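Okay, structure first, notes after.
Just so it is clear, none of the values below were taken in a lab; they were calculated from the coordinates. Because the structure is a prediction, the values reported are computed rather than measured. Note that each Cβ is placed from the backbone with ideal geometry, even for glycine, and that neighbours are counted across all protein chains shown.
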């Protein structure tokens, strides 16, 4: 792990050891190229209100160090929730690094059917919010620009999830564009521009406002695809 991320999560690890002692089973850092506070998940043997109060007293220090408030959950609850949060937990299982304990996700797998249903929900939700937020923008250039840029990371995430459904690589923009073009039948230029926006923190040569009509058409096509999805 990079030194900066390790320094950010060290107070979390130290405090969770103090609060849970031998009830602490594992701590992992996760996140797909996450920006901002470093996310962690801790699996514990039991979790009480006293534990939550002890952790709540430390959240300010964690934020100052650069760490996000950790997800606290028992191993049994995590396993029972895989069907409810297949995308969120699938991302954690696929992209994590163990900070303490043994890998807590060995032997756990996301159901293909659960992931497909969750992808359908997210694609259609993304499309609905895209339309609604465009109306809310009132046609103002700056608001549309912000809408496209802020929603682009969610679009990129959708492509990763759909690539996972097909068992295809999804670890680079090139992989995502190829899968989107060949399997999802999306325009590769539009997909590439949206991914470029998603992965750029600062100014970008992509005109987000001009991109919006093609973005909306792409999401329409994606919604049609997930309605009729069949294994490749």
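Some notes on this structure:
- Inter-label distance for residue 22 and residue 85, nm, one decimal - labels placed 7 Å from Cα along Cα-to-Cβ: 2.9 nm
- Spin-label proximity, residue 113 to segment 75-105 - amide N less than 13 Å from point 7 Å beyond Cα toward beta carbon: 83
- Rule-of-thumb Rg ratio for the chain [Cα; 2.2 N^0.38 Å; N residues]: 1.13
- Percent antiparallel among DSSP beta bridges (both partners in the chain, rounded to 5): 65 percent
- Dimensions (Å) - segment 112-227, Cα atoms, principal axes, largest first: 41, 26, 21
- Helix 112-137 and the longest principal axis of the C-alpha atoms of the chain enclose an angle of approximately 60°.
- Helix content alone sets the calculated 222 nm mean residue ellipticity of the chain: runs of n ≥ 4 DSSP H residues at -39500 (n - 2.57) each, divided across all residues, give -19500 deg cm²/dmol.
- Degrees, to the nearest 10: 3-20 long Cα axis against longest axis of the chain: 50 degrees
- For the chain, the longest principal axis of the C-alpha atoms and the axis of helix 173-182 are separated by about 50°.
- Anisotropy class of segment 3-100 from Cα gyration tensor, a/c 1.5 cut: oblate
- For segment 163-232: rounded, prolate or oblate by the Cα gyration tensor [a/c cutoff 1.5]: oblate
- Label-reachable residues, segment 200-232, where backbone N falls under 15 Å from a point 7 Å from residue 182's Cα toward its Cβ: 232
- Separation of alpha-carbon centers, segment 159-190 and segment 42-83, rounded to whole Å: 34 Å
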